[in-house]
Amino acid sequence: MKKTENNSSTEGSSALMADVARLAGVAISTVSRALANPGRVNEKTRARIAAAAEELGYTPNAAARNLRVGKSNVIMIILPGSLHYGASQIIPQVLEAVNRSVIRNGYNLMIANLDRDESSERHILDLAFGGTVRGALILSSQLPVVANRSLAEAGLPIVSLLLDMSETAVPSVITNDRLAVRQAVRELIELGHRRFFYIAGPIGNYHDVERYAGLVEALGEAGLSEAHVTRSGGNLSFQFGFETGLQAADHFAGLEEKPTAVVATSDDMAISFMSRVQKMGWRVPHDLSVVSFDGSPVCEYCAPPLSTIEQPMEALGETATEWLIARMEGTESHPEMRLTIASRFIRRDSIGAHR
């Protein structure tokens, strides 16, 4: 009974695990525990399970390979793209928090990729299936997939950070994008604003969908429709936030009826937008209020200081890492597949009452 590299169904894996357990003379749960954490099964039993898995060909993934060679102490973090993420500093903040937790727990951190092209994805999968890493964090992006081979099939514990994959059985640590934007827009509505300009992230992106939904929901609560929003952007990734903001400023300048409040999907977009419209003659916040999302330290030093929704990057990074390590070591204590850590709205001088 052989299992090929491309046979990744859960049903097939369970059947083969049962065969391994039967041949090794142990319970299926013992096989599962040995695959997930070899150090928690005594050497004699581990050797028996390894021999059975070898005989049956049950070696398609990193967990089974680690059973033979011992456990890896490397945690891989998969980035959404280049380390250059503009002024938002999201990636460096996350990496600092993750690295602290990794070191504190006696593991090593591997930064998996800087570009999400096919060769990088293939390399990530080779590392995962080859047993080089013991667990993976994936930051704000989908799981790597190349030629019908997915990271989900590598047998590694995985935790998603800043992207909700809980519905696909991937544990996820996220922040409350939708609620946070809804609360910020409520404040703008209370200040008298009724026409909004939304600077969008890439169309279909999880964060853009959630943040725009928060804006629309806040308008609905106030009896206002989506017709009160002018959308701009949507054609560039978050890495090009500054360019998106500049394009949005030109779009704004061409509108016959000007909105009085701007909600930007990222700080980068808001910073470049605010800079350009002020050079065009609009005053912030006298003519136009601006709110953004991320909470970059640089926002405090903009002119005027930029109101922003601050993501709890350190808490998100540490929580995701600790959760992953608990799954790797078999000490996970909570059954839920999603943990939400709230962001907070920092009100600064970029917003004011509608005049």
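Observations on the structure shown:
- Residues that are surrounded by fewer than 17 Cβ atoms within 10 Å (Cβ to Cβ), touching a residue at least 12 places away in the same chain (Cβ under 8 Å), more than 18 Å from the chain's Cα centre (by Cα) and not assigned by TED's automatic domain parsing to the domain that holds ASN108 are absent from segment 321-337.
- Set VAL94, VAL159, VAL102: member being part of a helix (DSSP H, G or I), within 20 Å of the chain's Cα centre (by Cα) and under 24 Å from ILE309 (Cβ atoms): VAL94
- Total residues in segment 268-307 satisfying the condition of being under 19 Å from VAL229 (Cα atoms), of a type in the set (Asp, Glu) and in a helix (DSSP H, G or I): the figure is 0.
- Pairs meeting the criteria (first residue in segment 174-193 and assigned to a loop (DSSP other than H, G, I, E, B), second residue modelled with pLDDT under 95, beta carbons under 8 Å, at least 6 apart or on different chains) are LEU191/HIS354; GLY192/HIS354; HIS193/HIS354.
- Residue list for segment 226-238, restricted to those being in contact with a helix residue (DSSP H, G or I) (Cβ under 7 Å, 6 or more places away or on another chain) and either buried (at least 16 other Cβ atoms within 10 Å of the Cβ) or over 19 Å from ILE203 (Cα atoms) (or both): HIS228, VAL229, SER232, GLY233, LEU236
- Filter result (buried (at least 21 other Cβ atoms within 10 Å of the Cβ) and either more than 16 Å from ASN73 (Cα to Cα) or without any contact (Cβ under 8 Å) to a residue 12 or more places away in the chain (or both)) within segment 126-139: ILE138, LEU139
- The number of residues in segment 235-265 that are among the small types (Gly, Ala, Ser) and modelled with pLDDT under 95 comes to 2.
- Within segment 142-151, considering residues that are among the hydrophobic types (A, V, I, L, M, F, W, C) and under 16 Å from the mean Cα position of the chain (by Cα), the one farthest from ARG122 (Cα to Cα): LEU143
- Residue within segment 146-168 that is at pLDDT 90 or above, more than 22 Å from HIS207 (Cα to Cα), of a type in the set (Lys, Arg) and outside the structural domain of GLY201 (by TED's automatic domain parsing) present: no
- Counting only helices (runs of 4 or more DSSP H) wholly contained in segment 1-82, the ones carrying 2 or more residues that are modelled with pLDDT under 85 and under 26 Å from LEU161 (Cβ atoms) occupy 10-24, 28-36, 62-69.
- Residues that are of a type outside the set (Ser, Thr, Tyr) and touching a strand residue (DSSP E or B) at 6+ places or on another chain (Cβ under 6 Å), drawn from segment 307-322: ILE309, GLU310, GLN311, PRO312, ALA315, LEU316, ALA320
- Whenever a residue of segment 236-248 is assigned to a helix (DSSP H, G or I), its partners that are aromatic (Phe, Trp, Tyr), lying with C-beta atoms within less than 7 angstrom and at least six residues away or across chains, give the pairs GLN239/TYR85; GLY245/PHE273; ALA248/PHE273.
The values are calculated or read from the model by the stated rules, or taken from the named source; none is laboratory data. Predicted model, so just to flag it, every value in this text is computed and none were measured. Positions of Cβ are backbone-derived with ideal geometry, glycine not excepted, and every protein chain shown enters the neighbour counts.
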